[in-house]
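Below is one structure, written out as structure tokens, with a few remarks after it.
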Amino acid sequence: MASWITADAASETWRIVGLGSCVAVILRAVSKPLVGVGHFMLPIRADGVPEDNPDKFVDTGIAAMAEALEARGARPTSLEALVAGGARMFRGFGGGPAIGPRNVAAAQATLGELGIAIVAGDVGGTLSRNLIVADCGQAVSVAYPGQTGHPVLDWQVAGMDQPT
Amino acid sequence: MTEPRRLTELQLDALREMGNMGAGHAASSLSALIGHPVRMDVPSANLSDLGEIGTLLGGREAMVWAIYLMVSGDLEGHMALLVREAEARRLVGVLLPNRPAGQDMDELAESTLAEIGNILTSAYVGALTQLTGFDLRPSAPLLAHDQAGAVLDSLAAEIQLAGQTIVTLEGRLEVPAVPGCGVLLVFLPPASFLPKMFAALGLDALR
């Protein structure tokens with residue numbers, strides 16, 4: 001389920017359903033209607049994971065998405081990021097596997113290297129999320145399974161802290 | 001020894017037979033546990049991602065209970081018991097008949113499900129040990145209650161991070177006496193161990 005797209009039509013809406021330990025990274029251009037929506041499953045491509053598709057990895061996926069946005073006219077310094085997901089899905093002795101936190105750390109590191117500021121986020125926790133991205137990334141909402149309302153994430157206010 | 005990119009019909013047959021043995025033992029254990037006969041579907045085997053299983057569970061958004069454990073020893077693999085929300089409630093209802101119907105899944109219901117997962121996966125792994133002579137040790141089970149898509153993506157990522165391409169062997173168990181009560185057992189051996197497994201089964205020609 002991992003891949004990314006770029007778009008500039010405000011009328012288009014994307015849903016990311018069942019975002020568990022994966023991370024979603026939404027990159028939007030500040031100056032024009034242009035957005036990249038990515039859903040990544042594995043943290044770092046150079047870790048020797050037997051997966052040929054670079055778009056499944058957080059680091060290579062984000063880099064390719066940012067490059068595609070630049071090719072469509074976004075200046076690298078004018079991109080800002082929203083990061084969501086990275087839950088710890090399984091619980092048990094020893095806390096269970098920790099791929100979710102690794103994916104979040106990879107996203108933070110990659111965006112840092114690219115000089116893209118993370119202006120909003122909703123990461124960690126133990127539950128999956130459903131995202132709706134609308135209006136070229138100007139309106140992003142996050143809901144947990146079974147939750148009816150979709151609270152809209154405020155790009156200006158929300159930090160990287162997870163909600164309680 | 002290279003990992004197979006695809007499997008021949010003969011290899012798939014051998015895998016399905018393995019799945020049959022494992023799921024058969026698990027079905028007997030479940031039957032003994034709940035006091036009802038348990039029916040088993042013929043298991044299917046694939047060299048693929050887990051996307052297809054999502055369809056069996058009702059789509060990416062469907063809520064499921066997942067009991068996940070790792071198998072170590074002569075073969076490093078993964079196993080999961082996947083139960084749809086409504087089926088989990090019925091299964092717990094059969095085992096805990098004094099609970100009021102429609103009661104939410106509480107801690108007791110959760111640990112009951114985890115224990116069912118423990119018993120079924122142990123039976124499955126025990127059957128494989130008998131069949132192959134491998135030393136196979138299941139880990140303590142981990143539990144998740146979430147959307148099927150999120151659970152399956154996380155499982156796939158864990159397995160890939162362990163450096164493995166997986167074979168998916170799935171089998172469904174149903175309790176005919178309780179309509180809409182069943183579980184999906186998934187065994188995920190790494191593809192790199194297939195030649196070794198086929199050799200242990202006396203199927204050297206399949207290597």
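So if I check each of B:143, B:152, B:81, which one is closer than 13 Å to residue B:183 by Cβ and touching a residue at least 60 places away in the same chain (Cβ under 8 Å)?
B:81
Take the residues of the stretch B:135-161 that are more than 16 Å from residue B:50 (Cα to Cα) and more than 7 Å from every other protein chain (Cβ to nearest Cβ): which is surrounded by the fewest Cβ atoms within 10 Å (Cβ to Cβ)?
B:135
Given the criterion crowded, with 19+ Cβ neighbours inside 10 Å and in contact with a helix residue (DSSP H, G or I) (Cβ under 6 Å, 6 or more places away or on another chain), identify the matching residue among B:57, B:15, B:82.
B:57
For (1) within 12 Å of another protein chain (Cβ to nearest Cβ); (2) part of a loop (DSSP other than H, G, I, E, B), each residue gets a yes or a no:
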{"position": "A:27", "(1), (2)": "no, no"}
{"position": "A:39", "(1), (2)": "yes, no"}
{"position": "A:82", "(1), (2)": "no, no"}
{"position": "A:87", "(1), (2)": "yes, yes"}
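Name the pairs: first residue in the stretch B:100-113 and modelled with pLDDT under 90, second residue assigned to a loop (DSSP other than H, G, I, E, B), Cβ to Cβ under 6 Å, at least 6 apart or on different chains?
none
In this structure, does residue A:20 turn out to be surrounded by 16 or more Cβ atoms within 10 Å (Cβ to Cβ) and free of Cβ contacts under 8 Å to residues at least 12 places away in the same chain?
So residue A:20 fails the test.
Do you know which of the residues in the stretch A:45-63 that are facing chain B (nearest Cβ under 10 Å) and charged (D, E, K, R) is nearest to residue A:2 (Cα to Cα)?
A:56
Quick one: in the stretch B:157-178, of everything that is among the aliphatic types (A, V, I, L, M) and in contact with a Cys (Cβ under 9 Å, 6 or more places away or on another chain), which residue is modelled with the lowest pLDDT?
Here is the first cut: in the stretch B:157-178, the ones among the aliphatic types (A, V, I, L, M) are B:157, B:159, B:161-162, B:166-167, B:169, B:173, B:175, B:177-178.
From what's left, in contact with a Cys (Cβ under 9 Å, 6 or more places away or on another chain): B:157, B:175.
Numbers: B:157: 87, B:175: 93.
Ranking the candidates gives B:157 first.
Yes or no: residue A:73 on the phi > 0 side of the Ramachandran plot, away from chain B (no Cβ under 14 Å) and of a type outside the set (A, V, I, L, M, F, W, C)?
Against the criterion (on the phi > 0 side of the Ramachandran plot, away from chain B (no Cβ under 14 Å) and of a type outside the set (A, V, I, L, M, F, W, C)), residue A:73 qualifies.
Condition check ((1) surrounded by fewer than 20 Cβ atoms within 10 Å (Cβ to Cβ); (2) basic (Lys, Arg); (3) modelled with pLDDT of 95 or more) across all residues:
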residue	(1), (2), (3)
A:13	yes, no, no
A:24	no, no, yes
A:27	no, no, yes
A:32	yes, yes, no
A:40	no, no, yes
A:48	yes, no, no
A:52	yes, no, no
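The values are calculated or read from the model by the stated rules, or taken from the named source; none is laboratory data. Predicted, not measured: the structure shown is a model, and the values here were computed from it. We place every Cβ from the backbone using ideal geometry, glycine too, and count neighbours over all the protein chains shown.
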